[in-house]
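Below: the structure, in structure tokens.
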Amino acid sequence: MRKQNVSARIVFAGLAFLLCGCSGASRAAPGADTDTIARHDSVAELVAASTRVADSHQSVSMDLDLGREGSGSCVYHAESPSVYAYRCEFDSTENGKPGRTVLVLTPSVTYVEIPVGQRHSDRKSWLTIRAGEDPALFQHEFGTEQIRDLAVPDKMIPTSGATIVHVAPDNMDGKSATRYTIDIDTAAAARNAMTGEQRSQMKYLADQGISTVEVNYWVDAQDLPVKIEAVTSIPKIGPLGSTVRYRDWGSPVRIDVPSDDQVSTVLELGGR
């Protein structure tokens, strides 16, 4: 079955490498400022604390900068770890043409808004893809695995083989924050990754001869994520960078899932 192209595909080359980026900046060894302001002695402790407090807030808004791959924003709301939804909008350039992709992601279904010129009718305005129907499309073409991890610190940042190398006070949007610089051993992270996506990304970097990567992670006074930033130079590809900024933790978020009469299936859209 041939799938019809849905506008510009969501571009997650940058976001995929958010988990394993290295900024290339010089890294300072832990010093006096680390001893006086650090609240956590290990990446595992830091990420666990961030995950606990993030889970308790149940909602957040996010701004994404995917470097040359585009930009976007997402909102997230969860009733529980297994009942949640994301709504995201991405702007990108594909084949020299700007495009926008809108999606709603739930644990089992991704809804992708169909561009007006590609709809069979105005009523059928969304494409629906279920996880079990086409796993490769669900997880990779639309980047759903990366999206699903955005609000979960312990999936965004590998802890195996990761070391805090620098801690410094910072200011983000007029509020106090703490920046943790984290070095990640790619081979160790690949061996002990929590998710398949982490494992494949770290193994790829290790196979490319990139043994250590760097991620900068900002948290506020409660250990809520404020920003994650990474830029990786990939051989024969060049630098790929991503930044996710978090705001409005716990603020009301409404995400409407398209109704059945608004959606089409891949089969209905394919074969033109």
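For Leu267, the requirement of being among the hydrophobic types (A, V, I, L, M, F, W, C), assigned to a helix (DSSP H, G or I), at pLDDT below 95 and surrounded by fewer than 16 Cβ atoms within 10 Å (Cβ to Cβ) is met. Taken together, the residues in the stretch 161-177 that are under 25 Å from His77 (Cα atoms) and buried (at least 16 other Cβ atoms within 10 Å of the Cβ) amount to 2. Considered as a group, the residues in the stretch 190-235 that are among the β-branched types (Val, Ile, Thr) and within 16 Å of the chain's Cα centre (by Cα) include one that is surrounded by the fewest Cβ atoms within 10 Å (Cβ to Cβ), and that residue is Thr195. When you look at Arg245, is it under 14 Å from Val43 (Cα atoms), part of a strand (DSSP E or B) and among the charged types (D, E, K, R), yes or no? So Arg245 does not fit the description; no. The set of residues in the stretch 163-215 that are within 16 Å of Ser50 (Cα to Cα) and among the aliphatic types (A, V, I, L, M) comprises Ile164, Val167, Ala177, Ile182, Val215. Residues in the stretch 36-55 that are surrounded by 21 or more Cβ atoms within 10 Å (Cβ to Cβ) and not β-branched (Val, Ile, Thr): how many? Here the count works out to 3.
Within the stretch 144-160, one or more residues are among the hydrophobic types (A, V, I, L, M, F, W, C), under 15 Å from Tyr111 (Cα atoms) and either at pLDDT 75 or above or surrounded by 20 or more Cβ atoms within 10 Å (Cβ to Cβ) (or both). Which of the residues spanning the stretch 56-108 are hydrophobic (A, V, I, L, M, F, W, C), closer than 23 Å to Gln262 by Cα and either surrounded by 21 or more Cβ atoms within 10 Å (Cβ to Cβ) or in contact with a helix residue (DSSP H, G or I) (Cβ under 9 Å, 6 or more places away or on another chain) (or both)? Listed by number, the residues that qualify are Cys74, Cys88, Phe90, Leu103, Leu105.
Residue count for the stretch 87-133 under the criterion of being under 27 Å from Val244 (Cβ atoms) and either at pLDDT below 75 or not aliphatic (A, V, I, L, M) (or both): the result is 26. Taken over the stretch 159-190, residues that are within 11 Å of Val213 (Cα to Cα) and either part of a strand (DSSP E or B) or not β-branched (Val, Ile, Thr) (or both) amount to 10.
The values are calculated or read from the model by the stated rules, or taken from the named source; none is laboratory data. Computed from a predicted model, the values in this text were never measured in an experiment. Every residue, glycine as well, gets a Cβ built from its backbone with ideal geometry; the counts of neighbours run over all protein chains shown.
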